[in-house]
Amino acid sequence: MSMNHASVHPAEDAPTGGGGIAPREWMKDIEGMPATIGGLVLRSCQLIAAAISLSIMATTSDFSSVTAFCYLVAASGLQGIWSTFMALIDIYALLVKRSLQNQRMVMLFTFGDGITSNLTFAAVCASAGITVFIDNDLGRCSINHCYQFQSATALAFICWFFALPSYLLNLWSLASQ
């Protein structure tokens, strides 16, 4: 039974060609998806926030003593590399005026965005818990680099905030194919 049959989708039947198979409708490019200006802006914001978060963490001398901060550095580094790679793909696609609606490409983008955004969110949550513990519970913010840790955590959260729309738009595009 064809998935485009009227019993599955009770709306009117799509016009068919000579072979009886309806032409496949592709989802239109929405700003924020790969190969759009919005997608390039999202990737650039992810890259900038991840790079600043990583550089703030790297300038502190004692981040390596806390596992959550090491995880934040690793997640920010991975997010920065992925965002750079995706921004370069977006720039190339915009220059040659090519759409990236190939199913394999969209699946790669979706899985990559999903993995990096989940890792970044987990690292941000862990780091935020540690910074709250150091500041509020221990009251030792004056002898640690607490404000740098809080700034790096906030920037990594902003990076995740820009990564989430990329992931959701790619997931939507993948589901619509």
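With the other protein chains left in place, how much accessible area per residue, in square angstrom, belongs to the range 30-175 at a 1.4 angstrom probe?
Per-residue value: 51 Å².
I'd like the accessible area for ILE30: 1.4 Å probe, protein heavy atoms, all chains in place, Å² to the nearest 10.
My reading of the accessible area for ILE30 is about 60 Å².
Rank by packing, highest mean first: peptides 42-48, 171-177, with packing defined as the count of other Cβ atoms within 10 Å averaged across residues.
42-48, 171-177
Relative contact order of the range 30-175: what whole-number percent is it, with Cα pairs under 8 angstrom and at least 6 residues apart?
38 percent
What full-extension length gain, to one decimal in nm, is calculated for SER99 and SER176 as 0.36 nm per residue of separation minus the Cα-Cα distance?
Gain in length upon complete extension: 26.2 nm.
Are there any trypsin sites (Lys or Arg not before Pro) in the range 94-147 that are in a DSSP loop and have at most 15 other Cβ atoms within 10 Å? List them by number.
Sites meeting the loop and neighbour criteria: LYS97, ARG98, ARG140.
The values are calculated or read from the model by the stated rules, or taken from the named source; none is laboratory data. Keep in mind that this is a model prediction, so the values were computed, not measured. Note that we place each Cβ from the backbone using ideal geometry, even for glycine, and neighbour counts take in every protein chain shown. What goes into the accessible areas is simple: the full protein's heavy atoms, side chains included, and nothing from ligands, DNA or RNA. Shrake-Rupley method; radii C 1.70, N 1.55, O 1.52, S 1.80 Å.
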